[in-house]
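Quick note: the coordinates plus some simple rules give every number you see, no bench work behind them. Predicted model, so just to flag it, every value in this text is computed and none were measured. FYI the Cβ positions are ideal-geometry reconstructions off the backbone, even for glycines, and counts take in every protein chain you see.
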Amino acid sequence: MNISALQKERAKYQPKLPKSLKGAVKVVEGAKTESVADQKEIAALFPNTYGMPILTFEEGGKAAESAPVNVGVILSGGQAPGGHNVISGIFDGIKNIHPDSKLFGFLGGPGGLVDHKYVELTAEIVDEYRNTGGFDIIGSGRTKLEDEAQFDKGLEIAKDLNLNALVIIGGDDSNTNACVLAEYYARINAGVQVIGCPKTIDGDLKNEMIETSFGFDTATKVYSELIGNIQRDANSAKKYWHFIKLMGRSASHIGLECALKTQPNITLISEEIADKKLTLGEVVDYMAKVVAKRADNGDNFGVALIPEGLVEFIPEMKVLISELNDLLAEGTDSEKEFKMLRKSHRNEWVATHLTEISSSVFRSLPDGIATQLTLDRDPHGNVQVSLIETEKLLGEMVSTRLDEMKANGEYVGKFGTQYHFFGYEGRCAAPSNFDADYCYSLGYTASVLVAAGKTGYMSSVRNTTAPADKWIAGGVPVTMMMNMEKRHGHMKPVIQKALVELEGAPFKYFVSKRGEWAYNTDFVYPGPIQYFGPTEVCDLTTETLKFEQNK
Ligand code: FBP
């Protein structure tokens, strides 16, 4: 294979491990745990895996004589930088337990387990992927492991391969399902353990024991580099407002982290907009005022960051989307009628079939956006919010608002826009040192949990703003992170999604600064991720973590 010069050098990087994982490991049991909410319901649903203690690894103990262990690994959901290092961490960990241990990778995500598609991950294969981005070593997928029939199919192949454990690398939903699987295998005495690893660039799988999900660090560094470059261009040409949509399905962690790194003029935080119940018009007003005030200073340029999931957090848009989901639900009479119409008549037809309020919201949207809301639906019939060009929606609405302000003598200036969406370009970047080290440690931790016979645990590596050898590795029972939520009309046990906390230190700092950043040009240019060089630039953690840990 032809590989780049960087890849060649980077392959030699030896990820840093917490001290406790460098030799024989002592597994220390902490206090019994409770779920974050709905304790009674969760305990009843997970009788075999509820209430287990937190585990912390310490140096020492005697290196015990161990038998080989066989592990199956699955990558689930969207790519996140560092996935390959979780796999190399598991590989090295189980080989350290016994050289005859084996690692099998299920292909194309959880579906590979059900369809019995796998590959044995040999040293030769794993070595080729160390410290690289992407999930291409075995591929990923979004099949949900939910029913017992799938679990039973999975057990067949686990038995054929003589697996001791499955490690599922995924986000909140995949780890929820991993926990259900762990409980099921424990209930039927299947003899197969299940361990989870916290992945997602979105940064919304975190809590007291999981400080961050892997990939968030690298992805936000890539986006911040690009935002910084655009800010420099904006400040050089002084003629464009750049509206940048940032990936992150629901939570605005990515937007907040990038704002803390780059200090743009506007950053919208969906959670705040929902909390203040701001209308789309109010959001547009806020943006237009910043544009106008900068224009007063002669600055007809700027940068605005817009989180991908924004529209679902704006109350009237949320209602509109839910009405559209019902109106255009597949197989309904209304959907059939809609499809029979000429394209040019569809938006008008939709507007007349909504409630009065939603109809007026729908009519206020630029035509192209209104059409996007009626077209792109996922297999469950929901509008695919990531496909809505929110950046254009806001740019066009701000432009209209500025025209009104100009007519009223409230704005003198020029408003030229450029639109961007940063998403996929950050998901498979070569992991930063932080993600390379963190992921390798998560994988290694998973191997220790397997050797200790644990199931229903998530790999946990904490104290991550300290140097890696001071990180605290261990395991957290997944049931501890669960609560009951309504999904598709039914109450289900799920891992609580972490949204941006409006009382949290990262957001509070942002609020204290955003006024200055709006009107001054205080741009910061972080530059590209550094893989070689002084630790001050190579081993940086996220601003979010620094604020959260008060560092
Ligand atoms: P995960 O939650 O599975 O990690 O995926 C996150 C994500 O990258 C979101 O930020 C984005 O909205 C979504 O995946 C895009 O999904 P797809 O890869 O299917 O287009």
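Observations on the model:
- Building the convex hull from the alpha-carbon atoms of the range 409-459 and averaging its projection over directions returns 7.8 nm².
- Sorting 402-408, 493-499, 339-345 by average packing, meaning the other beta carbons within 10 Å per residue, from highest down gives 493-499, 402-408, 339-345.
- Average Cα contact separation per residue, the range 11-107, under 8 Å, 6 or more apart, as relative contact order %: 29
- Three-way shape label, the range 41-127, alpha-carbon gyration tensor, a/c 1.5: oblate
- Screening the chain for DSSP H helices whose Cα atoms reach 20 Å or more along their own axis and whose mean Kyte hydropathy is at least 0.0 gives 83-97, 280-296, 433-451.
- Computed over the chain, relative contact order equals 24 percent, with contacts defined as Cα pairs under 8 Å that lie 6+ residues apart.
- Greater than 27 Å apart at Cα, pairs in Lys289/Lys508; Lys206/Lys551; Lys159/Lys454; Lys16/Lys206; Lys206/Lys318; Lys261/Lys392: none
- Per the Debye calculation on the range 2-66 with a single equal scatterer at every Cα and no solvent contribution, log₁₀ I(q)/I(0) for q = 0.11, 0.14, 0.15, 0.25 Å⁻¹ amounts to -0.56, -0.71, -0.73, -1.01.
- Placed amide H near Ser432: partners under 5 Å, 5+ positions off or other chain: Thr218
- Between Leu161 and Glu282, the contour length at 0.36 nm per residue exceeds the Cα-Cα span by 37.7 nm.
- Taking the three principal axes of the alpha carbon atoms in the range 194-285, the coordinate ranges are 54, 32, 17 Å, sorted in descending order.
- The range 357-435: C-alpha gyration tensor shape, a/c 1.5 cut-off, then a/b vs b/c: oblate
- Shape category assigned to the range 1-40 from the gyration tensor of Cα positions, a/c cut at 1.5: oblate
- Translational diffusion of the range 256-297, µm² s⁻¹ [Kirkwood Rh, Cα pairs; Stokes-Einstein; 20 °C; 1.002 mPa s]: 187
- Placed amide H near Ala473: partners under 5 Å, 5+ positions off or other chain: Phe57, Arg462
- With Cα atoms as the point set, the radius of gyration and Dmax of the chain evaluate to 24.7, 81 Å.
- Highest-first packing order for the peptide set 156-169, 216-229 is 216-229, 156-169, based on the mean count of other beta carbon atoms within 10 Å.
- Computed lengthening from His116 to Thr371, 0.36 nm per intervening residue step minus Cα-Cα distance: 87.7 nm
- Each residue of the range 37-48 was assigned a 3J(HN,Hα) from its phi angle through the Karplus curve 6.51 cos²θ - 1.76 cosθ + 1.60 (θ = phi - 60°); the sequence is 7, 6, 4, 4, 5, 5, 4, 5, 7, 10, x, 8 Hz, with glycine and proline shown as x.
- Residues with amide H under 5 Å from that of Lys245, placed H, sequence gap 5 or more: Ile306, His420, Phe421, Phe422
- Each Cα pair under 8 Å and six or more residues apart adds its sequence gap; the mean of these over the residue count of the range 415-551 is a relative contact order of 21 percent.
- Taken as Cα centroids, the range 414-488 and the range 145-174 sit 20 Å apart, rounded to the nearest whole angstrom.
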